[in-house]
1. Which pairs turn up if I take residues in region A:41-64 that are farther than 18 Å from A:L143 by Cβ and look for partners that are crowded, with 22+ Cβ neighbours inside 10 Å and of a type in the set (K, R) with beta carbon separation below 7 Å, at least 6 apart in sequence or on another chain?
2. Can you name the residue in region A:85-118 that is surrounded by 15 or more Cβ atoms within 10 Å (Cβ to Cβ) and outside any helix (DSSP H, G or I) and is also nearest to the other protein chains (Cβ to nearest Cβ) among such residues?
3. A:Q72 passes all but one of (1) at pLDDT below 95; (2) touching a Gly at 6+ places or on another chain (Cβ under 9 Å); (3) closer than 30 Å to A:G153 by Cα; which number fails?
4. Could you check region B:4-46 and list, in sequence order, the residues that are open to solvent by 80 Å² or more (accessible area, probe 1.4 Å), modelled with pLDDT of 90 or more and assigned to a loop (DSSP other than H, G, I, E, B)?
5. Which residue, of A:L46, A:L29, is assigned to a loop (DSSP other than H, G, I, E, B), within 13 Å of another protein chain (Cβ to nearest Cβ), at pLDDT 95 or above and open to solvent by less than 40 Å² (accessible area, probe 1.4 Å)?
6. Tally time: how many residues in region B:158-184 are over 14 Å from the mean Cα position of the chain (by Cα) and open to solvent by 10 Å² or more (accessible area, probe 1.4 Å)?
7. Would you mind stating whether A:P82 is facing chain B (nearest Cβ under 7 Å), assigned to a loop (DSSP other than H, G, I, E, B) and surrounded by 17 or more Cβ atoms within 10 Å (Cβ to Cβ)?
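The values are calculated or read from the model by the stated rules, or taken from the named source; none is laboratory data. In this text, all values refer to a predicted model and were calculated from it rather than measured experimentally. As a convention, Cβ positions derive from the backbone with ideal geometry for all residues, glycine included, and neighbour counts pool all protein chains shown. With ligands, DNA and RNA removed, areas are computed over all heavy atoms of the protein, side chains included. Shrake-Rupley method; radii C 1.70, N 1.55, O 1.52, S 1.80 Å.
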Amino acid sequence: MLDVLALAGIAEGSPLCTVLEPRAPVFELTARAHAAVVAPGEPGGLSHALRAGLAARMARLCGDEKTAALLQGAEPHEAADPAFDGGSDARATAILRHVDLLTVRPRDATRGDVQVLVAAGLDEADIVRLAELVSFMAYLLRLVAGLRALEEGR
Amino acid sequence: MSHVIEEFTAQVPVWRPYLRPVVLEEATPAQRDALKETPSNTKVSDYVLVLAHDPETLSVRTPLFNRIMYDRGGLSRAERELGAVGSSIVNRCIYCAAVHADRYNQLTRDESAMQAVFAAGADADLEPRARAILQFAAGLAQCPPEADTAPLRAAGLDDAEMVDLVLSTALFGWANRLMHTLGEPVAKDAP
């Protein structure tokens, strides 16, 4: 399971650890949500390897190399590199485009962006699975950034 | 076709999905199970039925959401809603902004702060503590996220309160990306 506090650099027994104690269920649920988006029992059209690669890619787009290195695993999927655009694979290209859009400027997303995914062959369930993966990562990266700032600001 | 709302408002719109929601009568056992605990224990909305396409995530997301927004201690309910609004403004999730501005108004019994936020965005001229919270939330919502805790400490927030603000703001980095990218807000009185 993902150890959010370790990722945020909060040492066991540190003063902030004590402050976080009442929120332990939140961190446990966060780790379970991470497992649900990167390694679900029912991955649909998004393999575990692709999901790990996308998670690392999003961390890099947020400037968080430590999280990227942890999440990409031992043999990183090519999607983990934000410079990789899917090449000639139309499905991969559509997925990466959508991940980058929702990570960097979600405010610009429209109905047309969902239609791009449909046109590339993703079904409704895969579109929701992809949205949950990207959206969870947006949460995790902000949670980690905020906790690091709290630890450093003490 | 009812009209799409394009400006921030505290009047909660209707959310119209871009994808077909799961039909309750056709739901799989995993989907039914994930739908048992609904946000704020209200009736099952189209939004939740769209998310039911990924029941594994939904079944964790709902209790996580309720804990971050409603668990006791730490930051006040209203100030968690302010974090949610700050994120929703940056991500331009008009539906989320409306729901959580409305909750903030109900909790504080004051509509002036949200009127200022909808007029001026994250730079709205609020009282100092609310202003520090809103600006922190708007910074954390950016990509890459920005997190300067010094103005929060100066405004009097303690560590536990700041943890809850980070959580509620980060949570809306998640919620905004679902709500704003899987559907659109439309006027309530429309056919």
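1. A:G44/A:R129; A:L46/A:R129
2. By that ranking, first place goes to A:A109.
3. The number of the failed condition is (1).
4. B:E6, B:E7, B:Q11, B:R20
5. A:L46
6. So the answer is 5.
7. Criteria not met by A:P82.
Every residue, every condition in (1) in contact (Cβ under 8 Å) with a residue 24 or more places away in the chain; (2) closer than 25 Å to B:T181 by Cα; (3) outside the structural domain of B:R153 (by TED's automatic domain parsing); (4) not in a helix (DSSP H, G or I), yes or no:
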residue	(1), (2), (3), (4)
B:Y95	yes, yes, no, no
B:A98	yes, yes, no, no
B:D102	yes, yes, no, no
B:L107	yes, no, no, no
B:D110	no, no, no, yes
B:M114	yes, yes, no, no
B:A119	no, yes, no, no
B:L126	no, no, no, yes
B:R129	yes, no, no, no
